[in-house]
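The values are calculated or read from the model by the stated rules, or taken from the named source; none is laboratory data. These numbers were taken from a predicted model, which means no experiment stands behind them. Note: ideal-geometry Cβ built from the backbone for every residue, glycine included; neighbour counts use all protein chains shown.
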Amino acid sequence: MFHINNLSQVLRKAAPFMSLGLMVIILSIISPYFLTVENLFSIGLQISVVAIMAIGQMMVIISAGIDLAAGSVLALSGIATTMLMASGIPIFPAIIAGLFAGALTGLASGALIAKGHLPPFIATLGMMGIARGMALLLTGGVPIFGLPKEFNFLGGGRFFGVIPVPVIITVVLAVIGHIILTRLRFGRYVFAIGSNTNAAKLSGINVPRTLVIIYAINGLLCGFAGIIMASRLSTGQPTAGMSYELDVIAACVIGGASLSGGEGTILGAIIGALIMGVLRNGCNLLDVSAFWQQIAIGTIIIIAVLSDQYRKHKAIA
């Protein structure tokens, strides 16, 4: 029985990787344009914003929480950064201010959850409205133009003229996130809180403080993603990131996270984002309707969650 259960766990963890590999093989056979260096880098560029946000969202989900404000925080940070640059503030201080805005919204969500004892769903749903409203209020709903040309490098530049800058940033942040979750004490605290909050408290973990830090990190990464998107578009868009929170949560779930908490990896979040990116890219190459893409992604999410719930009920039985 031990060997069967062990095999089952290995297969479950390998499922996202196997799914991605299968999709790559099939699309490589069907389309001669898929497995080209330019197209693969294009996929990486397209998923970079979602993947960066998924790193923070994965930490939140592992702690048995959820953040519905991701897309709105992305927009607010992008607006804060571009407004400052458009008013003459240098690029670096403007970016720091945008990151601070993202971290502050995450900090507020974490405080409402940890100190105010609000359910994560309600706290972040409220923050979603606040952040989006602030982005629209600051701009009057009008995009911000007149940004420095140098700012475009962050979202549209390429290292050595080949590798998109956002792809490199995503890889670096994923490695840092992986180290935090697997090598640092803070990472163990995140898993402990998601597995059993009461047990975590009894073991001496400062649960409220840890939760606030988790949501602040998530807000910081959402803010960074918003700045990258603003750089790529060369404008500050108050409506940027609409419904991105759904893609981010989907990437985590597809990548093996459990919505019950206590399970998940940063690599899984990146793989989940890649699966959605490859699926959309393949559908575009094959001229498949965007409506079918949404149906396919929705189906994958349901299958992933059903599989997780089935495994948990089977373990209880």
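When segment 18-49 is filtered for residues that are out of contact with any Gly (no Cβ under 9 Å at 6 or more places or on another chain) and more than 23 Å from Pro164 (Cα to Cα), the ones remaining, listed by number, are Met18, Ser19, Leu22, Ile25, Ile29.
Annotation for segment 227-234: at least one member residue is in contact with a strand residue (DSSP E or B) (Cβ under 8 Å, 6 or more places away or on another chain) and either outside any helix (DSSP H, G or I) or at pLDDT 95 or above (or both). Of all residue pairs spaced 6 or more apart or on separate chains, those with beta-carbon atoms under 7 Å, a first member in segment 134-162 that is in a loop (DSSP other than H, G, I, E, B) and a second member that is surrounded by 10 or more Cβ atoms within 10 Å (Cβ to Cβ) and aliphatic (A, V, I, L, M) are Gly146/Ala86; Leu147/Met85; Leu147/Ala86; Pro148/Met85; Pro148/Ile91; Gly157/Val165. Among the residues that make up segment 184-203, is at least one of them small (Gly, Ala, Ser), closer than 22 Å to Tyr244 by Cα and over 21 Å from the mean Cα position of the chain (by Cα)? No: segment 184-203 contains no residue that is small (Gly, Ala, Ser), closer than 22 Å to Tyr244 by Cα and over 21 Å from the mean Cα position of the chain (by Cα). Screening segment 260-274 for residues that are in contact with a Gly (Cβ under 8 Å, 6 or more places away or on another chain) and of a type in the set (A, V, I, L, M) and picking the one that is surrounded by the most Cβ atoms within 10 Å (Cβ to Cβ) gives Ala269. Kindly indicate which of Gly21, Gly56 is surrounded by fewer than 24 Cβ atoms within 10 Å (Cβ to Cβ) and within 23 Å of the chain's Cα centre (by Cα). Checking each option against the conditions leaves just Gly21.
Residues in segment 31-41 that are loosely packed, with under 13 Cβ neighbours inside 10 Å and closer than 13 Å to Leu279 by Cα: there are none. Out of all the residues in segment 293-314, is one or more at pLDDT below 90, outside any helix (DSSP H, G or I) and surrounded by fewer than 24 Cβ atoms within 10 Å (Cβ to Cβ)? No.
Residue pairs whose Cβ atoms lie under 9 Å apart, sitting 6 or more positions apart in sequence or on different chains, and linking a residue in segment 62-76 that is at positive phi to a partner that is surrounded by fewer than 24 Cβ atoms within 10 Å (Cβ to Cβ) and charged (D, E, K, R), do not occur here.
Here the condition is being surrounded by fewer than 24 Cβ atoms within 10 Å (Cβ to Cβ), closer than 28 Å to Val190 by Cα, aliphatic (A, V, I, L, M) and in contact (Cβ under 8 Å) with a residue 60 or more places away in the chain; of Leu279, Leu220, it holds for Leu220 alone. Within segment 140-152, does at least one residue satisfy the condition of being over 30 Å from Val37 (Cβ atoms) and either buried (at least 18 other Cβ atoms within 10 Å of the Cβ) or among the aromatic types (Phe, Trp, Tyr) (or both)? Yes; the residues of segment 140-152 include at least one that is over 30 Å from Val37 (Cβ atoms) and either buried (at least 18 other Cβ atoms within 10 Å of the Cβ) or among the aromatic types (Phe, Trp, Tyr) (or both).
Starting from residues that are of a type outside the set (A, V, I, L, M, F, W, C) and outside any loop (DSSP other than H, G, I, E, B), keep the ones in segment 59-72 and report whichever is surrounded by the most Cβ atoms within 10 Å (Cβ to Cβ). Filtering first and then ranking leaves Ser72. Annotation: of all residues in segment 115-125 being in contact (Cβ under 8 Å) with a residue 40 or more places away in the chain and surrounded by fewer than 21 Cβ atoms within 10 Å (Cβ to Cβ), the one that is farthest from Ile66 (Cα to Cα) is Lys115.
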